[in-house]
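K.L.:
Let me begin by handing over the structure; questions about it come next.
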Amino acid sequence: LSKSDYNSVIKTLESFGLPTSVEGLDPNEITQTTYSDKKRTGSGIKFVLLNGIGKGYIATDVRDIDIYNAAKSIIR
């Protein structure tokens, strides 16, 4: 997702009063919890990611560092 699309989604969520961050979570715990997710397969966990707004795809090659960084970016 481009930075521009990301910012557009954040602004839209905020305009409806929806949260765009969370408090009190640990990105390491989130990353470790994915190991017990029911969507995990031998090749990884299935994530729905975006190539653009409204352009989703299923990825199984998401690395732990990517999960950690994504979690860290929304934790305040």
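K.L.:
Tell me, please, whether a residue that is open to solvent by 60 Å² or more (accessible area, probe 1.4 Å) and within 14 Å of LEU1 (Cβ to Cβ) can be found in segment 32-46.
P.N.:
Checked against the condition, which is being open to solvent by 60 Å² or more (accessible area, probe 1.4 Å) and within 14 Å of LEU1 (Cβ to Cβ), segment 32-46 yields no hits at all.
K.L.:
Looking at segment 1-38, which of its residues are in contact (Cβ under 8 Å) with a residue 12 or more places away in the chain, more than 18 Å from GLY56 (Cβ to Cβ) and aliphatic (A, V, I, L, M)?
P.N.:
Once the filter is applied, which keeps residues that are in contact (Cβ under 8 Å) with a residue 12 or more places away in the chain, more than 18 Å from GLY56 (Cβ to Cβ) and aliphatic (A, V, I, L, M), segment 1-38 yields VAL22, LEU25, ILE30.
K.L.:
Can you list residue pairs whose Cβ atoms sit under 7 Å apart, with the first residue in segment 57-76 being loosely packed, with under 13 Cβ neighbours inside 10 Å and the second being outside any helix (DSSP H, G or I) and of a type in the set (Lys, Arg)? Count only pairs 6 or more apart in sequence or on different chains.
P.N.:
Pairs that qualify, where the first residue is loosely packed, with under 13 Cβ neighbours inside 10 Å and the partner is outside any helix (DSSP H, G or I) and of a type in the set (Lys, Arg), are ILE58/LYS46.
K.L.:
Among the residues of segment 10-36, how many are among the aliphatic types (A, V, I, L, M), under 20 Å from ILE65 (Cβ atoms) and at pLDDT 95 or above?
P.N.:
Total satisfying the criteria: 2.
K.L.:
Identify all residues within segment 7-24 that are surrounded by 12 or more Cβ atoms within 10 Å (Cβ to Cβ) and more than 14 Å from the chain's Cα centre (by Cα); write none if there are none.
P.N.:
SER8, THR12, LEU13
The values are calculated or read from the model by the stated rules, or taken from the named source; none is laboratory data. What you see is a predicted model; the values in this text were computed from it and never measured. All Cβ positions, even for glycine, are placed from backbone atoms using ideal geometry, and neighbour counts span all protein chains on display. SASA here: full protein model, heavy atoms, side chains in, ligands and nucleic acids out. Shrake-Rupley method; radii C 1.70, N 1.55, O 1.52, S 1.80 Å.
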